[in-house]
Amino acid sequence: MDTRPFHFKSFSLHHHRSTMKVGTDAVLLGIWTDLTNVRSALDVGTGCGIISLLLASRAQVSVDAIELDKDSFEEAKQNFGESPYSDCFRIFNSDFNDFVPPKNKKYDLIISNPPFFVNDLRSTDPKKRMARHTQTLTYDRLLKVSMELLNPNGKISVVLPYRESRLFLQQAILAGFFVEKKMLIFPMLGKEPNRINILIGHKSVEEQTEKFMIRDEYGEFTNQYVDFVKDYYVSV
């Protein structure tokens, strides 16, 4: 097992113990999410802590992070403590369904790379199964609990598989949210989108949609991708 840390320009982190490693989905979400007027954020299912660390590297924001898996929780806690932003974080080994923030705190942003695959074949690894499937945290519960924890102007930012996003969006509208921004993520030129970043809030605004291409027809990173991550990755 490779136990070397993953290096970003402003921090490094270990991810070999976590159920969810450093990956493109979390990195793109952590960079893309609008942090205007965000002073407090809650990272649901933080894994190794990558999204929380990206938020703290981008703005002056205090981040509470929740992680149910014990090994992932301990690794994220280590990563937070060793980062230049250690004072920004609090982490809780908790199920989001049961989470009660200290002093009934409300958040400006709830962000998550949530359990993904509602209908896909389940992994035989119980830790990965819990991390990747909506067994312990359904979209409906994510939205309902978030509604209780958000400030009146608070927002939710998530990354989802493109085909699963329709169910999430339907449930978000039923819960009283409005879509503010989407980023359709294409793995390669000529392919269909396989991921989508979604930002929802309490107010009806004109929806913004952008397209993001990771690789060109030759399998090389696009200029769009390189420009997007260049301030964060040590090399692309």
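Laid out as a table, the results:
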{"quantity": "Amide hydrogen neighbours beyond the local backbone of I91, cut-off 5 Å, H modeled", "calculated": "A65"}
{"quantity": "Two-site label geometry, R4 and Q60: point separation in nm, points 7 Å out along Cα→Cβ", "calculated": "3.7 nm"}
{"quantity": "Candidate lysines for bridging to K9, where Cα separation is under 19 Å - those fewer than 8 sequence places away on the same chain excluded", "calculated": "K21, K230"}
{"quantity": "Within the range 38-64, backbone nitrogen closer than 15 Å to the virtual label 7 Å beyond the Cα of E82 toward Cβ", "calculated": "48-50, 53"}
{"quantity": "Antiparallel content of DSSP bridges confined to the chain, in %, to 5", "calculated": "40 percent"}
{"quantity": "Phi to ³J(HN,Hα) by Karplus 6.51 cos²θ - 1.76 cosθ + 1.60 over the range 208-223, Hz, x for Gly, Pro", "calculated": "10, 10, 10, 10, 10, 9, 7, 10, 8, 5, 9, x, 8, 4, 6, 4"}
{"quantity": "More than 15 Å apart - percent of Cα-Cα pairs taken over the range 37-106", "calculated": "46 percent"}
{"quantity": "Residue-count net charge about V38 - beta-carbon cut-off 11 Å; Lys, Arg +1, Asp, Glu -1", "calculated": "+1"}
{"quantity": "Euclidean distance between Cα centres, the range 1-68 to the range 211-225, Å", "calculated": "23 Å"}
{"quantity": "Neighbourhood charge, 12 Å Cβ-Cβ cut-off, centred on G201 and excluding it, Lys, Arg +1 and Asp, Glu -1", "calculated": "-1"}
{"quantity": "Rg/Rh for the range 1-71, where both radii come from Cα atoms and Rh is the Kirkwood radius", "calculated": "0.96"}
{"quantity": "Karplus-derived HN-Hα couplings along the range 105-112 (A = 6.51, B = -1.76, C = 1.60, θ = phi - 60°), whole Hz, x at Gly and Pro", "calculated": "4, 10, 10, 7, 8, 10, 10, 7"}
{"quantity": "Label-point separation, F178 to V234 (7 Å along Cα→Cβ), nm", "calculated": "4.5 nm"}
{"quantity": "Förster radius 41 Å - calculated FRET efficiency between D216 and R141, Cβ distance, rounded to 0.05", "calculated": "0.55"}
{"quantity": "Cα gyration tensor of the chain - equivalent ellipsoid semi-axes, whole Å, descending", "calculated": "23, 23, 19"}
{"quantity": "Pairwise FRET efficiency - E74 versus T36, Cβ, R0 = 35 Å, nearest 0.05", "calculated": "0.60"}
{"quantity": "Potential lengthening between K105 and E206 on full extension [0.36 nm per residue; Cα-Cα distance subtracted]", "calculated": "33.4 nm"}
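Taken together, the values in this text are just the output of simple stated rules run on the coordinates, not laboratory data. Bear in mind that the values here come from a model prediction, so they are computed numbers and not experimental data. In this analysis, Cβ positions are derived from the backbone assuming ideal geometry, glycine residues included, and neighbour counts consider all displayed protein chains.
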